[in-house]
Amino acid sequence: MPLIDVTGLRHAIAGRPVLDIPHWSVESGRHCLLLGPSGSGKTTLIHALAGLKRPDQGRILLDGQAVWDLAAAGRDALRGRLIGIVFQTLHLVPALDVAQNLHLARWLAGLPRDTRAVAGALDRVGLGNRLGARPEQLSQGEKQRVAIARAVVTAPKLILADEPTSALDDENCARVLDLLLEQAEVCGATLLVATHDGRTRDRIADRLELPKLGAPARTTLGEGHAA
Ligand SMILES: Nc1ncnc2c1ncn2[C@@H]1O[C@H](COP(=O)(O)OP(=O)(O)OP(=O)(O)O)[C@@H](O)[C@H]1O
């Protein structure tokens, strides 16, 4: 059973078609690039997958569960159980320190408090010595690493990363992709990276390409995919 299975997904914003995905699926454990120019609907699709924005038409199954058949509380529970998100604008809570941001993510996911899990996730992104820092005391790159640690502290099956590299120089772009791929490996998770950044293309073979203006999306599978 695929981890993501999307059929007949269509969405328009302000009367303008944004998404048209006849069919797209991602097997558990594989990674996928969500490619498309700015404004092609990548963030809209990530929010639809995560149960945050209802699409106009179509069906999204995550781990066999139809996301939009669930009421809001059910979608929150599914998101907590399955998904870690690195948002484009990070969305760290400024009033909480780094460790508390991760504790909050676990609490929202309905998981028990686990100081070791939080310290371990921060250690793996190289921030094991910044647990008590507030987001405002961190560099942009450090904030992004906190956002990655927060996405994986719930041991998700699916990591959604929205434009994680577009603002970074080549060295940091490679580092962030390495980090996301490493964390996906640790969790045994599928990684979906939304990007218009060409530098990511040779790192993940499978892709869903969103063209401009809501034309139908194209799927490409890399080597090693058992169709
Ligand atoms: N609240 C809104 N009101 C009107 N148009 C919107 C709104 N939100 C998004 N859009 C439009 O919907 C389209 C898809 O937006 P979306 O953010 O999903 O694209 P994207 O591919 O993630 O872009 P980027 O790479 O620039 O983040 C864009 O053309 C955008 O201008």
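Take the alpha carbon gyration tensor of region 127-195, find the square roots of its eigenvalues, order them as a ≥ b ≥ c, and report rounded if a/c is under 1.5; if not, report prolate when a/b exceeds b/c, else oblate.
The shape class here is oblate.
Can I get the semi-axes of the chain's equivalent ellipsoid? Compute them from the C-alpha gyration tensor as square roots of 5 times the eigenvalues, in angstrom, largest first.
Result for the chain: semi-axes of 28, 20, 17 Å.
Just to confirm a number: summing +1 for Lys and Arg and -1 for Asp and Glu over residues other than residue 68 whose beta-carbon lies under 11 angstrom from that of residue 68, what do you get?
Charge balance near residue 68 sits at +2.
With n ≥ 4 as the cut-off for DSSP H runs, can you work out [θ] at 222 nm for the chain, using -39500 (n - 2.57) per run divided by the number of residues, rounded to the nearest 500?
Using -39500 (n - 2.57) per qualifying helix, the result is -9500 deg cm²/dmol.
Packing-wise, with mean Cβ within 10 Å as the measure, how do 9-17, 99-107 rank, highest first?
Ranking, from highest mean packing down: 99-107, 9-17.
Taking Cα centroids, how far is region 62-94 from region 107-144 in Å?
20
Computed from the coordinates by the stated procedures, all read-outs in this text should not be read as laboratory data. Worth saying up front: this structure is predicted, and the values here are computed from it rather than measured. So basically every Cβ, Gly included, is an ideal-geometry build from the backbone, and we count neighbours across all protein chains shown.
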